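Report on the structure given below.
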Amino acid sequence: MYALQNIDCPIEIGSLVDSNFSTLVLKEYSNSKIIIIADENTNEHCLDYLITSFEFLSTAEVMLLPVGEENKTIDVCHQVWEALSEYGIGRRDLVINLGGGVVTDMGGFIASLYKRGVDFIHIPTTFLGMIDASIGGKNGVDLDIYKNQLGVFRFPKAIFIDKTFLETLPIKEMVNGYAEALKHGLIKDVSLWQKLVEIEDLLELKDDLLLRDIASIKVAVVNDDPQEKGFRKILNFGHTMGHAIEGYYLQSEAKDHGYCVALGMLMESFVSQKLGILPKDAFFEIEQTILNWYPIPTIPMDDFPTIIELLYNDKKNHSGKIQCCLLDGIGSCLYDQPVTEQLFMDSLVYLMSKSSTSLN
C-alpha cells in the first residue's frame, strides 16, 4: 500500500479491501446515510465489486449518471440534487463517487454545493481518474460547450486508488489517461517522461509504484498552490488548446479528454518552439511520442473560427488575452504565457499538417 497526502486529503494506492476505506466510513459515518454516485459503465463493471466487498454498503443508495462528457452538465446535477432531497440526505451523510473523471468531477461538485457541503470520497476507476482527475480538489461541470466553467475547490475526505478497477477498462481508456501521465513528466519530471516514453505496452501503467510516481507529481504541485494562484497553473499544460478542441467536438461527437489534451500538448509545444522557448530537439521528441499514440483528426479550416471563439472563453485567460502554459524544456513549464490568435492559428495549421501522416 502506497500513501500520498494531498493537503488534508489522504490518498491510498493499493487494494481497496486492505485500505483504510472501511475504517474511515465505519468510524465517521456509521450513523449516516451513504450515497454512491456512479455512471452506467461503473454500475455495470465496478459497483458489484465495491458493494460485495463491504457489507455496510449493502443499504447504500445508488444514483446513476449518464455516460460521457456531453452529460457533464448542471441539468444532470439538478436531477441528482432533487433525488438527494427526496432521500433526505443531510450534511452529516456521505457521498462516494465511483467512476472516472466525469463522475468524480460531477460527484464532487454535487456534494460540495448540496446543503453547502456534504462529505465525499473518491474511488476513481479509470487510469486518468487515478493519476489526475480525482486529485486536487477541483470539482465542476461544463457550461454548454465550454469546459469546466462552473466549479468549486473542495477536497474529498479521502481518495482510494485500486488498480483492480483498471481490469474492466478497454485499452483506449489507458491511452486516454496516458496523455495526462505524459503531461506530468513534461511539466515537472524529465525522468518520469523518459520512463513513460519507453513504455511499449500500456498495461505496464497498471503498477502501483508507477501509479504513485505519476500521481505524486500532481499532489506535489497542488500542495504547493492549492487554489491555483500561480505554480499550480502548470498542470494546465495542453489544456488551453486541448479544451478548445474538446469543446469543438462536444458540438458533434465528443472525443476523450485525454486525447484532446494530447493534441493540445502538441500544439502548445509547437508554439513553445516557434517562440524559441523550447529547443527543437525536445520538440521533435515530444512530437514523435504524441504522434505514435494519438492520430490527428482532420478539422476543416472553415471551423477554425469556432475553435478560436472557444479559446477566448477559456477560464484561464486574463484581460481578454489567451493564456497558455509553454515548455522551456522537457520537465520544465512556464505558466501565464500570452499567446496571440495568430500563433494559435499557426498551431492549428501545423496540427492539420500532421493529420494524414499520423493515421495508421
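If the condition is being of a type in the set (S, T, N, Q), open to solvent by 10 Å² or more (accessible area, probe 1.4 Å) and either within 12 Å of residue 69 (Cβ to Cβ) or assigned to a helix (DSSP H, G or I) (or both), then the stretch 217-241 contributes 223, 236. Scanning the stretch 11-33 for residues that are open to solvent by 50 Å² or more (accessible area, probe 1.4 Å), at pLDDT 95 or above and not in a helix (DSSP H, G or I) yields a count of 4.
Taking residue 183 as meeting all but one of (1) within 16 Å of the chain's Cα centre (by Cα); (2) closer than 27 Å to residue 73 by Cβ; (3) without any contact (Cβ under 8 Å) to a residue 40 or more places away in the chain, write down the number of the exception. Exception for residue 183: condition (3).
Of note, residue 342 does not satisfy the criterion of being modelled with pLDDT of 75 or more and not in a helix (DSSP H, G or I).
Can you say whether residue 244 is farther than 20 Å from residue 130 by Cβ, part of a loop (DSSP other than H, G, I, E, B) and within 16 Å of the chain's Cα centre (by Cα), as far as the supplied structure shows? The answer is no for residue 244. For the stretch 1-10, taking the residues that are part of a strand (DSSP E or B) and among the hydrophobic types (A, V, I, L, M, F, W, C), the one that is nearest to residue 111 (Cα to Cα) is identified as 9. Count of the stretch 193-216 residues, restricted to those that are free of Cβ contacts under 8 Å to residues at least 60 places away in the same chain, part of a helix (DSSP H, G or I) and farther than 13 Å from residue 13 by Cβ, is 6. For residue 178, the test of being open to solvent by less than 10 Å² (accessible area, probe 1.4 Å), part of a helix (DSSP H, G or I) and modelled with pLDDT of 95 or more is passed.
The values are calculated or read from the model by the stated rules, or taken from the named source; none is laboratory data. Since we're looking at a predicted model, the values are computed, not measured. Counting neighbours? That spans all protein chains shown, and the Cβs are built from the backbone with ideal geometry, glycine included. Surface areas here come from the heavy atoms of the whole protein model, side chains and all, with no ligands, DNA or RNA. Shrake-Rupley method; radii C 1.70, N 1.55, O 1.52, S 1.80 Å.
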